[in-house]
Amino acid sequence: MVKFLVVRFSSIGDIVLTTPIVRCLKQQVEGAEVHFLTKPMYKQLIQHNPHIDKVLILQPKLSDTIKEIKAETYDYIIDLHHNLRTCIIKNRTQILAFSFPKLNWQKWLMVNFKINRLPNVHIVDRYFETVKLFDVQNDGKGLELHITENDEVELKNLPEFLWNGYWVAVIGAKHVTKKIPSDMLIRIIDEVRLPVVLLGDQTDAEKANEIITSTSYPYIYNACGQYSILQSASLIKQATMILTADTGLMHIAAAYQKKMVTVWGNTIPQFGMFPYMPKHLFTIHEVTDLPCRPCSKLGYKRCPKKHFNCMKKQNLENIVKQIKKFYAS
């Protein structure tokens, strides 16, 4: 038996992006036992994954987590987070570890000087660099997200106007400069005029209500804050297509191979976080001629330049056209 501990603490999207690694480790290394260490809030994303034998939870005291890791007698750590905390874990456990390249200085150059030294490689493929010593190869089967029957949202429990199909508009994001602005969403919904579910967390519920009261199209369902992350995944799984910014739900949609229209604000696909799926299933919409973009590898609470042109100058006509095309197909 070969015992692996895969480490990734956050976030929703990043956890989903690790699933090809755990699957290929489990299936390609003879006798592999794969455990996964993450934060409590992300356990639900992997607890039903058949390729993971055990989920470890990061404790409030790092020393408690280290004690638990030592007790498991791992052969190897696959560090897919690679930060100070994981460095401490690796140092104190003295377990042979393999860490993925975060490309921090390349991202810094791109954000601060717009000098592009970023490789044209998706983060998932960079993750596979950590396991090449074990002759683990990417099986090309993409991302995974496993949910139970209890997490499935039945169509009959949704408004009747959604029963014959709907598309999802993801209105939330961790950072404001990644979010699609309300006025854009209102115009898009008014022009698409197809049944739509608005997805986000509880903090997005008010924004969703404002969109509903401001649009002339009546068949909109505000699902923000009403469902767990896995139930939201079920809504995505059953949708015809998805409109989303650079969000965790984008990667969940990729796990289900859903057709997607992706809209990029302050971040760029070149960071390697675009949908990990066949290219004909998604489109990328971005304003490419802004000297201030990207302004961050993550995001801000507000536009540093106060104009938010990376979203406001999006070509809405193309976005609407692509939504209709994906929905019809």
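For segment 122-145, a tally of residues being farther than 26 Å from Glu72 by Cα and touching an Asp or Glu at 6+ places or on another chain (Cβ under 9 Å) returns 2. Scanning segment 101-118 for residues that are exposed (fewer than 13 other Cβ atoms within 10 Å of the Cβ), in contact (Cβ under 8 Å) with a residue 40 or more places away in the chain and on the phi < 0 side of the Ramachandran plot turns up just one, Asn116. Residues in segment 176-200 that are more than 18 Å from Asn318 (Cα to Cα) and either among the aliphatic types (A, V, I, L, M) or at pLDDT below 95 (or both): Val176, Val196, Val197, Leu198, Leu199. All of Gln270, Gln322, Gln231 fail the test of being among the polar types (S, T, N, Q), out of contact with any Asp or Glu (no Cβ under 8 Å at 6 or more places or on another chain) and over 23 Å from Asp190 (Cβ atoms), apart from Gln270.
Please specify each residue of segment 306-329 satisfying the condition of being outside any helix (DSSP H, G or I) and either surrounded by 14 or more Cβ atoms within 10 Å (Cβ to Cβ) or without any contact (Cβ under 8 Å) to a residue 12 or more places away in the chain (or both).
To start, the set of residues in segment 306-329 that are outside any helix (DSSP H, G or I) comprises 306-308, 313-315, 329.
Lys306, His307, Phe308, Gln314 - these are the residues of segment 306-329 that are outside any helix (DSSP H, G or I) and either surrounded by 14 or more Cβ atoms within 10 Å (Cβ to Cβ) or without any contact (Cβ under 8 Å) to a residue 12 or more places away in the chain (or both).
If you go through segment 139-174 and pick out every residue that is exposed (fewer than 14 other Cβ atoms within 10 Å of the Cβ), touching a residue at least 40 places away in the same chain (Cβ under 8 Å) and more than 17 Å from Ala223 (Cα to Cα), you end up with 3. Only helices (runs of 4 or more DSSP H) whose full extent lies in segment 174-246 are considered here, and the ones with at least 3 residues that are of a type in the set (Asp, Glu) and assigned by TED's automatic domain parsing to the domain that holds Pro304 are 182-192.
The values are calculated or read from the model by the stated rules, or taken from the named source; none is laboratory data. Model, not experiment: these values are computed from the prediction. As a convention, Cβ positions derive from the backbone with ideal geometry for all residues, glycine included, and neighbour counts pool all protein chains shown.
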